[in-house]
Amino acid sequence: MLSHQNDDSQITSPKDLGYIKQVATSLSRVASWPLMESKNKKYTFAVKWNITCFLFMSYIFIFQIWYVRNNISTTSFVVIGHTYITLAMNTICLQRLTMPWMAEYRQVIKEFLDKIHLFHQKDNSEYANKIYKYIEKICKIFTVFVHFQLYGGIALFNITPAYKNFKAGMYSSNKPVNATYETAVYLALPFDCFTDIKGHMFLSLMSLVSTSIGSTSFCLWHLLLSLIVFHIWGNLKILKHNLDNFPKPASQMTSIGIPWYTDEESKNISTLIVELVNHHRNIMDFMAKTSSAYSFFLLLNFAFYQIVGCIILLECSKLDSEALGNYGPLTVVLFQQLIQISVTFELLGSQSEKLIDAVYGLPWECMDMKNRKLVLFFLQNVQEPINLKACGMVPVGVQTMAAILKACCSYFIMLRTVTASEEMT
């Protein structure tokens, strides 16, 4: 992270910022940072590496399904449940590895860096520079925090089964009879990988690679989307500030009893209103493109939490040290990411509602007919809420998050009752 820090004098575009470089570097490890189409070696390598990652995770997906098919009736729920969780995570990972193939996604990131990023607004006013520095601080902290989650998740996923194998004596010369190796990802391979040490080491290597790709896909995609939302929120804050500080007429007394803009002032405020309308339109256009690019991404994300949430709660329900050690951190991270995405998008909704009052608060009564029509047009435009919808149906926000968490708890209680009844019989 420290290697990506820059002096202000070295920053000429958002791509030079330390946290943007870090996100680009991390996503490039799975070839998911968008590059402009060209015939140079860098772009060609990125395409080939992305396809390699996709094919590797596809093979992992097939071997996982094969494992479930062969062992669903003979393996404990703890292992099968773990496989269901990693299988669902792999599904999400495969979808996200295909995102760079989409022109819409590449266009959204390009427009984010070239237009929406607050770097392009910071010199417009003192307040814009203040918001830019505030958002930059949040983005830096968020980037460091998510990368800690990323590397911590990879370590916990792979070190935990290795430690349990070591503690059980599986790596000693006299390993227990009929014992099997635990692993981060359970696969049905065409050779013995659960009792043979060589097969186990090969499976452990595949698990390390797959969990690295999977953790990067989970953490970094949520981080990138959150950074985009933070900068949209900053644009809305700047827009609202400009509306709240709209210039009033210089003369406070007229023959009709109210202040009135002079002809010269009317020309200036007409230009200012057009700038405000264009700023709002740019935000709305970018939100529409982002909603289209991330539509299926968000829908699949919500479906994942709906399905996996109850399973992972059931895995933790024993409340012993082993269950909490295995699934406690994963549970916290997964639900934290759901809350993170939902709350950050809720910020946009709350800020967009304030714009309506801010536009109505413009001194339209002091304007001529031409400028009043511009304000009316602006007021009609801001009535449309600024939010994202998964596949144009499910709004992304706190209410959807609460519904998912409530459903997870309900299904968990139902599954817990069923498993308890089966254990008694």
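Observations on the structure shown:
- Scoring Ile311 on the criteria (1) closer than 30 Å to Lys164 by Cα; (2) among the hydrophobic types (A, V, I, L, M, F, W, C); (3) within 17 Å of the chain's Cα centre (by Cα) leaves a single failure, condition (3).
- Considering the range 13-33, the residues that are assigned to a helix (DSSP H, G or I) and charged (D, E, K, R) include one that is surrounded by the most Cβ atoms within 10 Å (Cβ to Cβ), namely Lys21.
- The residue that is surrounded by the fewest Cβ atoms within 10 Å (Cβ to Cβ), counting only those in the range 173-192 that are under 18 Å from Ser76 (Cα atoms) and under 35 Å from the mean Cα position of the chain (by Cα), is Ala188.
- The C-beta contact set for the range 405-423 (first residue modelled with pLDDT of 80 or more, second residue of a type outside the set (S, T, N, Q) and in a helix (DSSP H, G or I), distance under 6 angstrom, 6+ apart or interchain) comprises Cys408/Gly309; Cys408/Cys310.
- Residue check, Asp114 assigned to a loop (DSSP other than H, G, I, E, B), out of contact with any Lys or Arg (no Cβ under 7 Å at 6 or more places or on another chain), over 27 Å from Phe61 (Cβ atoms) and among the acidic types (Asp, Glu): no
- Residues of the range 382-390 include at least one that is at pLDDT 85 or above and either surrounded by 13 or more Cβ atoms within 10 Å (Cβ to Cβ) or basic (Lys, Arg) (or both).
- The set of residues from the range 217-230 being surrounded by 22 or more Cβ atoms within 10 Å (Cβ to Cβ) and either among the hydroxyl-bearing types (Ser, Thr, Tyr) or modelled with pLDDT of 95 or more (or both) comprises just one member, Ser217.
- On inspection, Ser266 does not qualify as more than 30 Å from Thr52 (Cβ to Cβ), part of a helix (DSSP H, G or I) and touching a strand residue (DSSP E or B) at 6+ places or on another chain (Cβ under 9 Å).
- Filtering the range 376-415 to residues that are within 18 Å of the chain's Cα centre (by Cα), β-branched (Val, Ile, Thr) and part of a helix (DSSP H, G or I) leaves Val398, Thr400, Ile404.
- Any hit, the range 314-323, residues being under 13 Å from the mean Cα position of the chain (by Cα) and surrounded by fewer than 19 Cβ atoms within 10 Å (Cβ to Cβ): no
- Considering the conditions (1) more than 20 Å from Leu224 (Cα to Cα); (2) in a helix (DSSP H, G or I); (3) among the polar types (S, T, N, Q), Ser251 is excluded by exactly one of them, (2).
- Single residue of Thr211, Thr216 found to be within 25 Å of Cys391 (Cα to Cα), outside any loop (DSSP other than H, G, I, E, B) and touching a helix residue (DSSP H, G or I) at 6+ places or on another chain (Cβ under 7 Å): Thr216
- The residues of the range 281-312 that are modelled with pLDDT under 85 and either charged (D, E, K, R) or touching a Ser or Thr at 6+ places or on another chain (Cβ under 7 Å) (or both) amount to a single one, Ile312.
- Across the range 135-172, the qualifying residues are those that are modelled with pLDDT of 90 or more and of a type in the set (Ser, Thr, Tyr), and the one among them that is surrounded by the fewest Cβ atoms within 10 Å (Cβ to Cβ) is Tyr151.
- Any hit, the range 355-369, residues being among the β-branched types (Val, Ile, Thr), closer than 24 Å to Ile232 by Cβ, out of contact with any Pro (no Cβ under 7 Å at 6 or more places or on another chain) and assigned to a loop (DSSP other than H, G, I, E, B): no
- Here Ser342 meets each of (1) small (Gly, Ala, Ser); (2) within 31 Å of the chain's Cα centre (by Cα); (3) modelled with pLDDT under 80 with one exception, condition (3).
- Against the test of being of a type in the set (Lys, Arg), over 30 Å from Leu94 (Cβ atoms) and modelled with pLDDT of 90 or more, the options Lys248, Lys240, Lys198 yield a single qualifying residue, Lys240.
- Being surrounded by 19 or more Cβ atoms within 10 Å (Cβ to Cβ) and part of a helix (DSSP H, G or I) is a property that Thr331 lacks.
- Any hit, the range 63-85, residues being crowded, with 16+ Cβ neighbours inside 10 Å and within 22 Å of Val146 (Cβ to Cβ): yes
- Residue check, Ile92 in contact (Cβ under 8 Å) with a residue 12 or more places away in the chain and either in contact with a His (Cβ under 8 Å, 6 or more places away or on another chain) or loosely packed, with under 15 Cβ neighbours inside 10 Å (or both): no
- Asn124 meets the stated requirement of being of a type in the set (S, T, N, Q), surrounded by fewer than 17 Cβ atoms within 10 Å (Cβ to Cβ) and assigned to a loop (DSSP other than H, G, I, E, B).
- Scope the range 80-97; condition hydrophobic (A, V, I, L, M, F, W, C) and closer than 14 Å to Trp221 by Cα; matching residues: Met89, Ile92, Cys93, Leu94, Leu97
The values are calculated or read from the model by the stated rules, or taken from the named source; none is laboratory data. This is a predicted model, so every value here is computed, not measured. Here Cβ is always computed from backbone atoms with ideal geometry, including for glycine, and neighbour counts include all displayed protein chains.
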